[in-house]
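**Student:** If you scroll down you'll find the structure; I have some questions about it.
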Amino acid sequence: QVQLVESGGGLVQAGGSLRLSCAASGRTILTYAMGWFRQAPGKEREFVAAITRSGISTYYADSVKGRFTISRDNARNTVYLQMNSLKPEDTAVYYCAASRSTDYLTGTSYAYWGQGTQVTVSS
């Protein structure tokens, strides 16, 4: 079992930045690919970013490419999502997830999920 706890969400103005953290416990994340997903009110959950176990490869949704950066610190058992140039359409609950699959973009490939952290971007 892997327990994931997100933090770092909040209210920010458009153009601002936030850094989300996902702290894992129970097991090392070394053997898991890690992903971030988000869900806005009335919308389905969507993929945001993913990083492979080694951290060598990263993947991003087109909507966040060039603005968001995913990273991981396996020694700290923590994953990060640096979000820059935030837009009102980035407003959502952001979830961290862990997967042993190589299908990084699909939510059902992830076995463990955090409880989410709210990000609100005002215009």
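**Student:** Could you please tell me which pairs satisfy a Cβ distance under 7 Å, a separation of 6+ or placement on different chains, a first residue in segment 95-118 that is at positive phi, and a second residue that is hydrophobic (A, V, I, L, M, F, W, C)?
**Tutor:** So the pair list comes out as G116/V93.
**Student:** Which one is farthest from Y104 (Cα to Cα) among residues in segment 52-83 that are crowded, with 19+ Cβ neighbours inside 10 Å and of a type in the set (A, V, I, L, M, F, W, C)?
**Tutor:** M83
**Student:** Within segment 10-27, does at least one residue satisfy the condition of being touching a Lys or Arg at 6+ places or on another chain (Cβ under 7 Å), assigned to a strand (DSSP E or B) and open to solvent by 20 Å² or more (accessible area, probe 1.4 Å)?
**Tutor:** Checked segment 10-27: no residue is touching a Lys or Arg at 6+ places or on another chain (Cβ under 7 Å), assigned to a strand (DSSP E or B) and open to solvent by 20 Å² or more (accessible area, probe 1.4 Å).
**Student:** Please determine whether any residue of segment 105-115 is part of a strand (DSSP E or B), modelled with pLDDT of 95 or more and either open to solvent by 10 Å² or more (accessible area, probe 1.4 Å) or closer than 18 Å to V5 by Cα (or both).
**Tutor:** Checking segment 105-115: at least one residue is part of a strand (DSSP E or B), modelled with pLDDT of 95 or more and either open to solvent by 10 Å² or more (accessible area, probe 1.4 Å) or closer than 18 Å to V5 by Cα (or both).
**Student:** Could you grab me the full set of residues in segment 28-43 that are open to solvent by 30 Å² or more (accessible area, probe 1.4 Å) and of a type outside the set (S, T, Y)?
**Tutor:** Residues satisfying the conditions are L30, Q39, P41, G42, K43.
**Student:** Need the failing condition index for K65 against (1) within 26 Å of Q1 (Cα to Cα); (2) free of Cβ contacts under 8 Å to residues at least 12 places away in the same chain, just the number.
**Tutor:** (1)
**Student:** Take S101 and decide whether it is open to solvent by 10 Å² or more (accessible area, probe 1.4 Å), small (G, A, S) and under 21 Å from I29 (Cα atoms).
**Tutor:** Yes: the conditions hold for S101.
The values are calculated or read from the model by the stated rules, or taken from the named source; none is laboratory data. Just so it is clear, the model here is predicted, and its values are computed rather than measured. Note: ideal-geometry Cβ built from the backbone for every residue, glycine included; neighbour counts use all protein chains shown. Each accessible area value is taken on the protein alone, full model and side chains, heavy atoms only, with ligands, DNA and RNA left out. Shrake-Rupley method; radii C 1.70, N 1.55, O 1.52, S 1.80 Å.
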